[in-house]
Every structure is written in C-alpha cells, then in structure tokens.
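**Student:** Here it is: the structure, laid out below.
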Amino acid sequence: MLKSTNQPLSEAYSLALLDLDGVVYRGKNPVEHAAKNIRKAESLGMTVEYTTNNSSRLQAVVADQLKGFDLDVESWQVITSSVVAARMVARAVPEGSKVFVLGAQHLREEVAKQGLEVVDSAEAQPVAAIQGWYPDMSWNEMAQIAYAVEHGATYFVTNRDLTIPRELGIAPGCGSMIMAVINATGVEPVSSAGKPESAMYDEARILAAHDDGEPVDKEQCLAIGDRLDTDIEAGNRGGYDSLAVLTGVTDPRELMFAPAYLRPTYIAKDLRGLNEPAPEVVHDEGAWLCRDAKARVDGDRLYVTDITSVDGLRAACCAMWAAADSGRDVSSVIVPEFRIS
C-alpha cells in the first residue's frame, strides 16, 4: 500500500533520482511546475540527480538544456546509461582491457574515461563488448559486435528499451537492436545499465556520496518517474521508495491495475507533490480513505467518491491493490475514468 509522511517528501528524503522525459521536460518543452519545485526541493537541502536511459546525449548537453529551464545543474548530476554502463564494464574487466563499443560518442568517451581501450573491430579480440543506441548505427557495426560476442567478449548493454519516440513516430530502440545480436549469437547480455534495472540508482547514490565518501543510504533516496515499467520498477528492484507522477506516460488506470512489482510508494499529479507531505490512506469498514476521498471494490465495480483528485486516485489504487493481493482477479473490475484537476 501507499506510504504517508508527516513532512514534505523533499525533507523526508535527501536525494531525488529524477527521470527526465515526462517528468522534467517533454522533448524541448519544460513540464509544468517541474523546475520551480526542483529549485524549492534543493533550497530545502535535497540533492537532485537526473537519471535517463538515453545513452547518446552527453551529460553536459542535458545539463545545458536543464539550465535553460532556470535550473542550476552540474554535468555530474546527469546520470546516463552510458555513464553507468562504462562503470559496469570497468568493474568487470582489468584496467586497459580492449572493449568493443557500439554506440554514440558519449558512450565511447565514458568507456575511455574508465581506463579501457575502445576498439571497433572483433578482430582486435576485445574482452568485452558494450552496445548502446545511436541513429547512424550500421549493419556492419551490428555484425562486428555480434562477431565479438560470438568469440567470447562479455556482453553489456546500456538499456533494453524496445522503442524510442522520434519526430515521425515510434522507432526501434536499443532493445530492438540488442535482440538482433541475441538472435545472431544466442548470447544474452550479462548486465544492462538502464532502468528497470536498479544499477542507475545505485550509481547515483555513489556519485552523491557524503563528505566521508559513503554513498547516500537507500532509505534517503526517492526515485521519481512517469513510467511504471522503468522508473518505478527499477526502484522496486533495488529497494528504493518511489514517486509516480502523472505528467508523462502513466495514467490513473494503469496505476489502479498495477501488479505489485510496478506499484510506487507515493503518487502525485506533478512535481508539486515533491514538496508536500504524502497523505495517509487508511482501511476502514471495507473502504479505503484518503482525507475526504473514499474508494471500495464492490462486486464487479470500483466506487470512488472523488474522481477529480489525487486523493481519490490514491484511495482507488489501494482498494484495487488490496483486492488483487487478496487473490481476486481484478482484470474485469469496472473502474471510473479519473479527471484529475
């Protein structure tokens, strides 16, 4: 069930792990209320890091975009899957090892920063191979990484997102390219840096280490995102509390029907919720109550007293989750359409 706090989330947690697209911006445009509330959270002492599966954009480029929204961002605060993947490889192979890198310049630079030798051919006999995504990827590059993996190179990937939104529609993402290599070699990657794996959040804790060098405790970290199957699942896999916002992909219906591994710790309409206490949701006489909103599952229907508020959604989610966890098949339950104002 959802947790509650007596203080704003930005005071209850010391490190925010913020997703970008759908949370802070949509493409080139800022999400409403995001920048203002990030600044407010920082003024209250919260450290903010930005986590993204995108492996092609340099940290400085992302930081500059965020600065354009009047945010004070240093490059180190942007945690890309390239950063995480390069560190993964460096921990797995000896310093100076040859690594085949298929990806954008950002990925190549991050691997080189780790004291590894970037190579472009399977004939160089790399001990590891790492695959990212970039729009100019060629068949020959795909073939080379397949050869490297087939010949024994340990296989890493930046993320397994099957699709990527582009200007003209949905295009094949890194995961689709990875499937081509798997189909050719029969070899699965040993590790993925991107969400829904929790490695990105783990790396962020290290980069935001205290003055004594100790990583930020998991209990002090809050993963924030708009996608249940990446941001929230990564939090659950890694043991992090999470906040789902409704400014991107996730909608009320998806939340109500979410299986346990995709359920967030908190729900908010947008990042204003970061600087507010999370209200308590309680069970009373067969119904779930969140302040003035009440929800209950009765027969084949979910009844909610307020379908215009986040409180109503919080109560509705707890009612549906409790029903599912009791062993009931909730897939046929009729739920109201929320219109959160």
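The values are calculated or read from the model by the stated rules, or taken from the named source; none is laboratory data. Remember, it's a predicted structure, so these values are computed and weren't measured experimentally. We place every Cβ from the backbone using ideal geometry, glycine too, and count neighbours over all the protein chains shown. Areas reflect the complete protein model, heavy atoms only, side chains present, ligands, DNA and RNA absent. Shrake-Rupley method; radii C 1.70, N 1.55, O 1.52, S 1.80 Å.
**Student:** Quick one: would you say GLY22 is of a type in the set (Gly, Ala, Ser) and under 16 Å from LYS195 (Cβ atoms)?
**Tutor:** On the way: of a type in the set (Gly, Ala, Ser): yes; under 16 Å from LYS195 (Cβ atoms): yes.
Yes: the conditions hold for GLY22.
**Student:** Taking the condition in a helix (DSSP H, G or I), open to solvent by 20 Å² or more (accessible area, probe 1.4 Å) and farther than 26 Å from ALA122 by Cβ, does GLN7 pass?
**Tutor:** no
**Student:** Can you tell me which residues in the range 275-299 are open to solvent by less than 70 Å² (accessible area, probe 1.4 Å) and within 30 Å of ILE38 (Cα to Cα)?
**Tutor:** ASN275, PRO277, ALA278, PRO279, VAL281, VAL282, LEU289, CYS290, ALA293
**Student:** Applying the selection to the range 305-324, what residues are surrounded by fewer than 21 Cβ atoms within 10 Å (Cβ to Cβ) and either closer than 18 Å to LEU228 by Cα or aromatic (Phe, Trp, Tyr) (or both)?
**Tutor:** Pass one, the range 305-324, residues surrounded by fewer than 21 Cβ atoms within 10 Å (Cβ to Cβ): 305-309, 322-324.
Scanning the range 305-324 gives a single hit, ALA324.
**Student:** Only one of these is outside any helix (DSSP H, G or I) and in contact (Cβ under 8 Å) with a residue 40 or more places away in the chain: THR247, THR308, THR230. Name it.
**Tutor:** THR247
**Student:** When residues of the range 10-46 are filtered for being among the small types (Gly, Ala, Ser), over 18 Å from VAL216 (Cα atoms) and open to solvent by less than 80 Å² (accessible area, probe 1.4 Å), how many remain? Don't jump to the end; show me each part of the working.
**Tutor:** Looking only at the range 10-46, we keep the residues that are among the small types (Gly, Ala, Ser), and these are 10, 12, 14, 16, 22, 27, 34-35, 41, 43, 45.
This time we only want the ones that are over 18 Å from VAL216 (Cα atoms), so: 22, 27, 34-35, 43.
Going one step further and asking which of them are open to solvent by less than 80 Å² (accessible area, probe 1.4 Å), we end up with 22, 27, 34-35.
Total satisfying the criteria: 4.
**Student:** I need the full set of residues from the range 239-256 which are open to solvent by 10 Å² or more (accessible area, probe 1.4 Å) and of a type outside the set (Ser, Thr, Tyr), in order please.
**Tutor:** Selection gives GLY239, ASP241, LEU246, GLY248, VAL249, ASP251, PRO252, ARG253, GLU254.
**Student:** Given the structure, is PRO189 open to solvent by 10 Å² or more (accessible area, probe 1.4 Å), free of Cβ contacts under 8 Å to residues at least 60 places away in the same chain, under 29 Å from GLY22 (Cβ atoms) and touching a Phe, Trp or Tyr at 6+ places or on another chain (Cβ under 8 Å)? Give the steps one after another, and end with the answer.
**Tutor:** Values: open to solvent by 10 Å² or more (accessible area, probe 1.4 Å): yes; free of Cβ contacts under 8 Å to residues at least 60 places away in the same chain: yes; under 29 Å from GLY22 (Cβ atoms): yes; touching a Phe, Trp or Tyr at 6+ places or on another chain (Cβ under 8 Å): yes.
Judged against the criteria, PRO189 is a match.
**Student:** Taking the range 18-54 as the region of interest, how many residues are part of a loop (DSSP other than H, G, I, E, B) and either of a type in the set (A, V, I, L, M, F, W, C) or under 25 Å from GLU203 (Cβ atoms) (or both)?
**Tutor:** The total comes to 10.
**Student:** Name the pairs whose Cβ atoms lie under 7 Å apart, with the first residue in the range 119-143 and without any contact (Cβ under 8 Å) to a residue 24 or more places away in the chain, the second assigned to a loop (DSSP other than H, G, I, E, B) and open to solvent by less than 30 Å² (accessible area, probe 1.4 Å), and 6 or more positions between them or separate chains?
**Tutor:** That search, which allows pairs on different chains as well, returns VAL119/PRO126.
**Student:** Counting only residues that are out of contact with any Phe, Trp or Tyr (no Cβ under 7 Å at 6 or more places or on another chain) and not in a loop (DSSP other than H, G, I, E, B), which one in the range 204-227 is most open to solvent (accessible area, probe 1.4 Å)?
**Tutor:** Result: GLU219.
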